[in-house]
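Working notes for the structure below.
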Amino acid sequence: MSELQVNKVSFKTGQSSVVKEVSFSLVPGELIALLGANGAGKTTLLRCCIGLQKATTGTALINAHPAHRLAADTRAKAIAYLPQVRTLAWPGLVRDVVALGRFSYGAIPGKLGDTHAAAVERAIEACDLNHLAHRRADTLSGGELARVHCARAFAAEAPLLIADEPTAALDPRQQFRVMDLIERYVAEGGGALVVLHDLQMAVNKATRLLWMHDGRIVADGTPIDTLTSERLAQVYGVNARVDGLTVTLDGAIDK
Amino acid sequence: MNTLSKLQHANNDSSDKGRWLNPILFIACLLALFIACLLGSTALPFERVLAALIGLGEHTDRLVVWSIRLPRALAAFLVGAALGISGAALQGLLRNPLAEPGVLGVSATASLAATFSLYYGFVAISPWILPIAAIAGALFATTLLALAAIRTHSVVTLILIGVGLSSLAAAAMSLLLNLAPNPFSLSDMINWMLGSVANRSFNEIVLAFPFLFIGTAILWMSRRGLTALTLGEEAASGIGLNLKNQRILTVLGAGIATGASVSLAGAIGFVGIVAPHAIRPFVNHDPARTLVPSALLAGLILMLADIGVRIIPTNNELKLGVVAALIGAPAFIWIAMQRRGLHE
């Protein structure tokens, strides 16, 4: 079984520690929401997880292999990655962008073999992009583009997915559509680690919450076990009321 | 069956638009090459050029075609092709349609290095010194730019660094001109600065060709990664691109190809911008698919421009680089103004 195993990963730049002794694991069937304030170290942690950045100490293992030593294409076949910046440099066709998800298998957009074409077709279908497949990417709305990137990640058909704020800057409906796609990916046997800023969304969709504060994981567990107003105060610095799985945010705590 | 054929259709139609692009451009290049052999101070008729090309006909015709017109046109094509493919590849790597060896100061640095080797007579040691000096200059500039590109993600900064490199190289060139010992070396150096393929023989082409070939081949073989970079560097690494290797290969390929082209013709700017820009819509804006047609189109443009240089009646023959800049610089400004701030 595919697995991401993070053991006491720390990351330092200069004097400051960005990530401090983080340990957790991700397996298929899980949808983990990584929660934390801006600058808590979430993105750096994700980059360490997939070996784009070498951890200062500790190791991130992908299927028992150190992530930073894996060849880029081997790693890409194990974990699909949706980073934050999602502007496209060139306005290619939607279908060609989705086909880039097959890059690690040697696929060439515009000249896909049958296996790749089928995977791309499935991803396009799953993300409801059929009617857009032959549009140029620069003619899409933000929500459509977000789904294109999801489709690109799904086209890899990797067992694990890491997504950094996949719902950023989307309207509520589009946020739900993206999260529904990720939820279905997990239901069909994938495992996902997703950075979210919408707490209610995270609580409703995730099977597990990783609370990150100042580079550390301060809590790791199911929403019902870890969601408390104290934690929200600690992690986000907000006054919040928690009623079961319902979160109401009241405002920022003065410091 | 139905879904499969739909799939096949969906799979192929995105490349349909560009299917005839390369054959058409290739035939156009052959035509231009032939026309370049026809025209000149003494226009040769069609059948005499044809006879000379296949080794028949009068001795003087063969001389004119094989020693003067054909090598010159071929040099224009090779230089254009190298600059076109380098421009297309650099644009893919830096994700910016304004990147190009001329604009980024690569050509200027290469021609400075070449002039330097001429000025101090290193060329007397071996004829290979000239292309190697030009390539070293070009590699210096491309490496500097690639390092800057890692540090800054701002494309504007990168172009500014290129402008700085260009200015620095131009200043050093002016210094060499200033100190030129005699009018002869002065005019020689001006040739390098302005760019020209006049009086090129097969000897010079043979010296530059291996490097042109290697540079172009490196760019062609590493083209797939350029498509991945459409997503940005982070996502490109995410889908399995080895970013470091891609940077090295593109910088190396573009440096070698540009340096070799400069050793053949001096600094010729802007063809590397115009050609990929014209090609992109035909290949669905896929950077990998722009490389070959950009090379062919840029080669074609320079051949045509050189024919123009030869037949326009002027006191002194116009320099090819001057004509290329007169066409290319307005295109550069136009493309820059069209940009809608895709990157900051």
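The values are calculated or read from the model by the stated rules, or taken from the named source; none is laboratory data. Quick caveat: nothing in here was measured; it's all calculated off a predicted structure. FYI the Cβ positions are ideal-geometry reconstructions off the backbone, even for glycines, and counts take in every protein chain you see.
Quick grid of which residues meet (1) surrounded by fewer than 24 Cβ atoms within 10 Å (Cβ to Cβ); (2) touching a helix residue (DSSP H, G or I) at 6+ places or on another chain (Cβ under 9 Å); (3) within 14 Å of chain A (Cβ to nearest Cβ); (4) within 27 Å of residue A:138 (Cα to Cα):
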| residue | (1), (2), (3), (4) |
| --- | --- |
| B:266 | no, yes, no, no |
| B:273 | no, yes, no, yes |
| B:280 | yes, yes, yes, yes |
| B:288 | yes, yes, yes, yes |
| B:303 | no, yes, no, no |
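This table checks each residue for (1) within 11 Å of the chain's Cα centre (by Cα); (2) over 30 Å from residue A:95 (Cα atoms).
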| site | (1), (2) |
| --- | --- |
| B:244 | no, no |
| B:267 | yes, yes |
| B:275 | yes, no |
| B:281 | no, no |
| B:284 | no, no |
| B:310 | no, yes |
| B:316 | no, yes |
| B:326 | no, yes |
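The number of residues in segment A:98-128 being within 8 Å of chain B (Cβ to nearest Cβ) and more than 20 Å from residue A:159 (Cα to Cα) comes to 6.
Taking the criterion of being more than 9 Å from chain A (Cβ to nearest Cβ), surrounded by 24 or more Cβ atoms within 10 Å (Cβ to Cβ) and either closer than 17 Å to residue A:106 by Cβ or in contact with a Gly (Cβ under 9 Å, 6 or more places away or on another chain) (or both), the residues of segment B:226-252 that qualify are B:226, B:250.
Restricting segment A:65-84 to residues that are touching a Ser or Thr at 6+ places or on another chain (Cβ under 6 Å) and of a type outside the set (A, V, I, L, M, F, W, C) leaves a set whose member that is surrounded by the most Cβ atoms within 10 Å (Cβ to Cβ) is A:77. Looking at the structure I just gave you, is residue B:10 among the small types (Gly, Ala, Ser), in a loop (DSSP other than H, G, I, E, B) and modelled with pLDDT under 95? No; evaluated as a whole, the condition is false for this residue. Check off (1) among the β-branched types (Val, Ile, Thr); (2) more than 7 Å from chain B (Cβ to nearest Cβ); (3) part of a loop (DSSP other than H, G, I, E, B) for residue A:87 and give me the number that stays unchecked. So the condition that residue A:87 fails would be (2).
Matching residues to (1) assigned to a helix (DSSP H, G or I); (2) modelled with pLDDT of 90 or more:
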site: B:268; (1), (2): no, yes
site: B:274; (1), (2): yes, yes
site: B:278; (1), (2): yes, yes
site: B:282; (1), (2): yes, yes
site: B:288; (1), (2): yes, yes
site: B:295; (1), (2): yes, yes
site: B:306; (1), (2): yes, yes
site: B:315; (1), (2): no, no
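When A:248, A:167, A:207 are checked against the criterion of being farther than 30 Å from residue B:240 by Cβ and β-branched (Val, Ile, Thr), a single residue qualifies: A:248. On inspection, residue A:162 passes the criterion of being crowded, with 24+ Cβ neighbours inside 10 Å and in contact with a Cys (Cβ under 8 Å, 6 or more places away or on another chain). For segment A:27-45, state whether one or more residues are out of contact with any Ser or Thr (no Cβ under 9 Å at 6 or more places or on another chain), of a type in the set (A, V, I, L, M), within 8 Å of chain B (Cβ to nearest Cβ) and closer than 29 Å to residue A:144 by Cβ. No, segment A:27-45 contains no residue that is out of contact with any Ser or Thr (no Cβ under 9 Å at 6 or more places or on another chain), of a type in the set (A, V, I, L, M), within 8 Å of chain B (Cβ to nearest Cβ) and closer than 29 Å to residue A:144 by Cβ. For segment A:27-64, filtering for residues that are surrounded by fewer than 16 Cβ atoms within 10 Å (Cβ to Cβ) and assigned to a strand (DSSP E or B) leaves 1. Any idea which residue in segment A:129-162 is farthest from the other protein chains (Cβ to nearest Cβ), counting only those that are in a loop (DSSP other than H, G, I, E, B) and closer than 30 Å to residue A:210 by Cα? So the residue we want is A:159.
Just wondering, is there one or more residues in segment A:125-140 that are surrounded by 19 or more Cβ atoms within 10 Å (Cβ to Cβ), closer than 19 Å to residue A:31 by Cα and not β-branched (Val, Ile, Thr)? For segment A:125-140, residues surrounded by 19 or more Cβ atoms within 10 Å (Cβ to Cβ), closer than 19 Å to residue A:31 by Cα and not β-branched (Val, Ile, Thr): present.
Would it be correct to say that residue A:124 is assigned to a helix (DSSP H, G or I), within 20 Å of residue A:34 (Cβ to Cβ) and among the β-branched types (Val, Ile, Thr)? No.
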